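Step one of this worksheet: look at the structure below.
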Amino acid sequence: MIYFKEMALNRELQSALETINFVNPTPIQEKTIPFILENSQDLIALAQTGTGKTAAFGLPLLNMLDTTSKAVQAFILCPTRELCLQITRDLMSFASQMSGVNIVAVYGGASISNQLRDLRKGANIVVGTPGRVNDFVKRGNLNVSNVKWLVLDEADEMLNMGFKEELDSILANTPNDKQTLLFSATMPREIQQISKNYMHEPLEISVGSKNSGTETVFHHVYTVRARDKYLALKRVADMNPNIYGIVFCRTKKETQEIAEKLQFDGYNADSLHGDLSQGVRESVMSKFRNMHIQMLVATDVAARGIDIDDLTHVINYGLPDEDDVYIHRSGRTGRAGKTGICITIAHSKDGRKLKFIERRLGQPLEFKELPSGKEICQRQLFNLIDNVEKVEVNDEQIDPFMDVIFKKLAWLEREDLIKHFVAVEFNKFLEYYKNAGDINYHRDHDDFDSQLGRGKDSRGSRSRDRDRSGDRDRGGERGGRGRTRRAEPGFTRFFMNIGGAQDLTPPKLIGILNDLKVASRLNIGKIDIKDGFSFFEVESTYEDALMQKFTKGVKYGKSNVRIEIAK
């Protein structure tokens, strides 16, 4: 293990790093900082999002900067204004103890006159987005003909966003003897072409495998019907009370709609997309960085530049078309030595996409089932109890009110008092989930298995349990419903003419029976769902009453449901 203090960085930079608690460099920083300090050779650095690339190029550039000159010496290009502002903030933080460092951010969606004024004052480092920079270069407002260092940060994403023309135009105006530093998470063909056209025998440094996901991120997939995606998102949020993450949507419209739904349902959420004004975007990002927003619903373009180490989750509300975009998304969690979770809310049509993502990741996706209402209520209850237990009490402020509080609550016994306090926050979850059904689309596991080229053993553990329970009964039912095992003592085993092919699940079967109101508390035994039919057991006392209910006609979706006693 090496330390920043062992690197050949000037005293001012070392002091700034101590202030912001930078002690050990990340792998990409450890490899690139000494190289840039000691060599003028071009460099291609491949590392995943969130591995500390800004410091990897920013620290050596600041160290070599001629602070007596106001000419543009270092020029940094990045794909979005958010990333542009983030890089600028980081560089200013690193240079906080230095004098004569002038860093100007140049990006679209902001006042041109203000940016031109800042450039005229003199800037030895310019950070910009391709569109605005190209515009300024063409107009003669920005001179890049004498730059010593050119940095292309998130180069693959700039190409994905269609900035190839702008990049070609800008690079053509830079000197041949500059040092070009290209940083990218992936190495597509277009990046290779840029390196051939504009770089001279670059050294390639790679941290981790190319185009792969970080090992600190767990990849979970929940499969539901398209109409249940929002319900699935809510269950993910409710099962993780301390969630702090980004929900990725495919379009601006969907992003806004999902954020508004979450806000209406009482979640700390907001949206980030291209139709928002710069002022609104900065306000949303400020609240998110300060954790006043737990879930930021965003498009891929808007989320570029969000550089936060503490994100617990990344949620794919819709899968991207490109595998690399999934890699970028997932790389926003599991940073700085922490672990994170990348969740995909999928349906059966996503199987092929997930197959390619799994190959690119180099690790299997874990198919899981969404928690039941009972599991969520239990998690929320324990979280509430933890919060009550850990809350800081200001005795000095609260003591004057305690006499009145004691008198008001004196009629409650200890257990009742605890129940009342818990119920204040907990009742909303109990009410919402009391009749919540199973929204997992179980057949999708089979669809995914076939599309991913897996056997049943590669599914999630809960799916494997379901397979084993089916195998346990299959011996007596191999010939269809002509032969079956005996029911448990005191129970009658019934055959039902619908099954997995009609999307029937055990909770839904229980719902069908409970809706018939055969008894105030119908005792239901073992349930066995097959593809085209099912078996279930009911306490024998209600055998005749149940049969009578079904003679009046029972519907499940478009299916007419009938039952008979399994002989």
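For region 422-432, which positions are over 12 Å from Ile376 (Cα atoms) and surrounded by 14 or more Cβ atoms within 10 Å (Cβ to Cβ)?
Within region 422-432, Val422, Glu425 qualify.
Within region 226-243, is even one residue of a type in the set (Asp, Glu) and within 26 Å of Lys428 (Cβ to Cβ)?
Taking region 226-243 as the starting set, the residues that turn out to be of a type in the set (Asp, Glu) are 228, 238.
Filter once more, keeping what is within 26 Å of Lys428 (Cβ to Cβ): 228, 238.
Yes, some residue in region 226-243 is of a type in the set (Asp, Glu) and within 26 Å of Lys428 (Cβ to Cβ).
Is it fair to say Leu181 is outside the structural domain of Pro320 (by TED's automatic domain parsing) and not in a strand (DSSP E or B)?
Numbers: outside the structural domain of Pro320 (by TED's automatic domain parsing): yes; not in a strand (DSSP E or B): no.
No, not satisfied.
From the list Glu204, Glu157, pick out the single residue that is touching a His at 6+ places or on another chain (Cβ under 8 Å) and either within 17 Å of Ile44 (Cβ to Cβ) or among the small types (Gly, Ala, Ser) (or both). Write out each step before concluding.
On the way: Glu204 fails: touching a His at 6+ places or on another chain (Cβ under 8 Å).
Within the list Glu204, Glu157, the selection yields Glu157.
Only one of these conditions is not met by Cys78: (1) in contact with a Cys (Cβ under 7 Å, 6 or more places away or on another chain); (2) at pLDDT 95 or above. Which number is it?
For Cys78, the exception is condition (2).
Where in region 522-567 are there strands (runs of 3 or more DSSP E), lying fully within it, with 1 or more residues that are among the acidic types (Asp, Glu)?
Values: elements: 524-529, 534-539, 554-556, 559-561, 563-565.
Ranges flagged: 524-529, 534-539, 563-565.
Of all residues in region 283-302 being assigned to a helix (DSSP H, G or I) and touching a residue at least 40 places away in the same chain (Cβ under 8 Å), which is surrounded by the most Cβ atoms within 10 Å (Cβ to Cβ)?
Ala302
Specify the residue that is farthest from the chain's Cα centre (by Cα); the eligible residues are those in region 393-430 that are under 30 Å from Gly373 (Cβ atoms) and of a type in the set (A, V, I, L, M). Write out each step before concluding.
Within region 393-430, the subset under 30 Å from Gly373 (Cβ atoms) is 412-430.
Imposing the further condition that a residue be of a type in the set (A, V, I, L, M) reduces the set to 412, 417-418, 422-424, 430.
Details: Leu412: 44, Leu417: 39, Ile418: 36, Val422: 31, Ala423: 31, Val424: 31, Leu430: 27 Å.
Only one residue tops the list, namely Leu412.
For region 498-516, give me the residue count where each residue is over 16 Å from Asn440 (Cβ atoms) and surrounded by 15 or more Cβ atoms within 10 Å (Cβ to Cβ).
The total comes to 4.
Out of region 135-159, which residues are in a helix (DSSP H, G or I), touching a Gly at 6+ places or on another chain (Cβ under 9 Å) and within 19 Å of Pro175 (Cβ to Cβ)?
Phe136 - this is the single residue of region 135-159 that is in a helix (DSSP H, G or I), touching a Gly at 6+ places or on another chain (Cβ under 9 Å) and within 19 Å of Pro175 (Cβ to Cβ).
With the checklist (1) within 15 Å of Asp438 (Cβ to Cβ); (2) touching a residue at least 24 places away in the same chain (Cβ under 8 Å) in hand, flag the one item Ile510 doesn't pass.
So Ile510 meets the others, but not (2).
Which residues, counting only those in region 224-265, are over 15 Å from Ala298 (Cβ atoms), in contact (Cβ under 8 Å) with a residue 60 or more places away in the chain and of a type outside the set (A, V, I, L, M)?
Residues satisfying the conditions are Arg225, Asp228, Lys229, Arg235, Asp238, Asn240, Pro241, Asn242.
When the residues of region 236-278 are filtered to those that are among the charged types (D, E, K, R) and not in a helix (DSSP H, G or I), which remaining residue is modelled with the highest pLDDT?
Residues of region 236-278 among the charged types (D, E, K, R): 238, 250, 252-254, 257, 260-261, 265, 270, 275.
If we keep only those that are not in a helix (DSSP H, G or I) too, we end up with 250, 265, 270, 275.
Working: Arg250: 87, Asp265: 86, Asp270: 94, Asp275: 83.
The extreme case among them is Asp270.
Look at Met161 and say whether it is hydrophobic (A, V, I, L, M, F, W, C), farther than 21 Å from Glu82 by Cβ and touching a residue at least 24 places away in the same chain (Cβ under 8 Å).
Details: hydrophobic (A, V, I, L, M, F, W, C): yes; farther than 21 Å from Glu82 by Cβ: no; touching a residue at least 24 places away in the same chain (Cβ under 8 Å): yes.
The answer is no for Met161.
What's the number of the condition Arg304 fails, among (1) modelled with pLDDT under 80; (2) touching a strand residue (DSSP E or B) at 6+ places or on another chain (Cβ under 6 Å)?
(2)
Scan region 303-320 residue by residue and report those that are among the polar types (S, T, N, Q) and surrounded by fewer than 20 Cβ atoms within 10 Å (Cβ to Cβ). Write out each step before concluding.
If we filter region 303-320 for residues that are among the polar types (S, T, N, Q), which is where we start, we get 312, 316.
Selection gives Thr312 alone.
Within region 323-335, does at least one residue satisfy the condition of being out of contact with any helix residue (DSSP H, G or I) (no Cβ under 8 Å at 6 or more places or on another chain), basic (Lys, Arg), at pLDDT below 80 and within 29 Å of Thr26 (Cβ to Cβ)?
Looking for residues that are out of contact with any helix residue (DSSP H, G or I) (no Cβ under 8 Å at 6 or more places or on another chain), basic (Lys, Arg), at pLDDT below 80 and within 29 Å of Thr26 (Cβ to Cβ), one finds at least one in region 323-335, hence yes.
Test Gly511 against the stated conditions and say whether it is at pLDDT below 85, assigned to a loop (DSSP other than H, G, I, E, B) and either of a type in the set (Ser, Thr, Tyr) or under 38 Å from the mean Cα position of the chain (by Cα) (or both). Show your work before the answer.
Values: at pLDDT below 85: yes; assigned to a loop (DSSP other than H, G, I, E, B): no; either of a type in the set (Ser, Thr, Tyr) or under 38 Å from the mean Cα position of the chain (by Cα) (or both): yes.
So Gly511 fails the test.
Could you grab me the full set of residues in region 117-144 that are among the aliphatic types (A, V, I, L, M) and in contact with a helix residue (DSSP H, G or I) (Cβ under 8 Å, 6 or more places away or on another chain)? Before the answer, list the steps.
Going through region 117-144, the residues among the aliphatic types (A, V, I, L, M) turn out to be 119, 123, 125-127, 133, 137, 142, 144.
Residues satisfying the conditions are Leu119, Ile125, Val126, Val127, Val133, Val137, Leu142, Val144.
Take region 514-552 and flag every residue that is of a type in the set (Gly, Ala, Ser) and under 40 Å from the mean Cα position of the chain (by Cα).
Here is the first cut: in region 514-552, the residues of a type in the set (Gly, Ala, Ser) are 519-520, 525, 532, 534, 540, 545.
The answer is Gly525, Gly532, Ser534.
Keeping to region 326-344, report how many residues are buried (at least 18 other Cβ atoms within 10 Å of the Cβ), hydrophobic (A, V, I, L, M, F, W, C) and farther than 18 Å from Glu369 by Cα. Walk me through how you get there before you give the answer.
We begin by selecting, within region 326-344, every residue buried (at least 18 other Cβ atoms within 10 Å of the Cβ); these are 326-335, 340-344.
Filter once more, keeping what is hydrophobic (A, V, I, L, M, F, W, C): 327, 341-343.
Applying the additional criterion that residues be farther than 18 Å from Glu369 by Cα yields 327.
Qualifying residue count for the region: 1.
Quick check on region 11-25: of everything there that is in contact with a helix residue (DSSP H, G or I) (Cβ under 8 Å, 6 or more places away or on another chain) and touching a residue at least 60 places away in the same chain (Cβ under 8 Å), which residue is surrounded by the fewest Cβ atoms within 10 Å (Cβ to Cβ)?
Ile20
The values are calculated or read from the model by the stated rules, or taken from the named source; none is laboratory data. Keep in mind it's a predicted model, so treat the numbers as computed, not measured. FYI the Cβ positions are ideal-geometry reconstructions off the backbone, even for glycines, and counts take in every protein chain you see.
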